[in-house]
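First the structure, then my questions, so here it is.
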Amino acid sequence: MNWTTAGTPLARSPTGGSPAPPPLSRDFHRLWGAYSVSHLGSAVGAGALPLVATLLLDSTALQISLLAVISGLASAVIVLPLGPRVEFRRKRPVMVGADLLRFAALTSVPIAAALGALTYEQLCVVAVVQTVGTIVFSAASGAHLKHLVTVD
């Protein structure tokens, strides 16, 4: 049986068994790295915001719960109209823009804390921006991944 990918035969695996899969492109590895860094930033931000609210702003349990609720509800309202805009744009710039937006929002927290200007409202805005950025990045990266990886 002659296995092919885009007209070129696949190399046999070193054990002589089934053919080796085609090599993944450099763009795929860059996407994988960007996705990893993005998820790391999201995880740090998601864990840090409630801690900052508790330790620096002496927020109550209700306020910390509201922080999660506000970000979820607001992002659902904001992301719904963004769907078609993400769909019909080039995916890579959308992903970069979403990550830069999240980075700027999360960076504003330690800067405001250092200046003594950090507020609970700012944390709510940062949580919403972070959630929206995560959803936009995930939507664009899924579509971009389909473009990078062949069906075979």
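Output yes when any residue across the range 67-89 is in contact (Cβ under 8 Å) with a residue 60 or more places away in the chain, surrounded by fewer than 16 Cβ atoms within 10 Å (Cβ to Cβ) and among the β-branched types (Val, Ile, Thr), and no when none is.
There is no residue in the range 67-89 that is in contact (Cβ under 8 Å) with a residue 60 or more places away in the chain, surrounded by fewer than 16 Cβ atoms within 10 Å (Cβ to Cβ) and among the β-branched types (Val, Ile, Thr).
Restricting attention to the range 126-144, and to residues there that are within 14 Å of ALA76 (Cα to Cα) and over 13 Å from the mean Cα position of the chain (by Cα), which single residue is surrounded by the fewest Cβ atoms within 10 Å (Cβ to Cβ)?
This residue is VAL128.
Continuing with the same structure: All but one of (1) assigned to a helix (DSSP H, G or I); (2) modelled with pLDDT of 90 or more hold for VAL96, so report the exception by its number.
VAL96 satisfies all of (1) assigned to a helix (DSSP H, G or I); (2) modelled with pLDDT of 90 or more except (2).
Can you tell me how many residues in the range 58-93 are assigned to a loop (DSSP other than H, G, I, E, B) and at pLDDT below 90?
Qualifying residue count, the range 58-93: 5.
A further question follows. Would you say SER108 is part of a helix (DSSP H, G or I), modelled with pLDDT of 75 or more and under 13 Å from the mean Cα position of the chain (by Cα)?
no
The values are calculated or read from the model by the stated rules, or taken from the named source; none is laboratory data. Every value quoted in this text rests on a predicted model; they were computed, and no experiment measured them. No Cβ is skipped: glycine too gets one built from the backbone with ideal geometry, and neighbour counts run over all protein chains shown.
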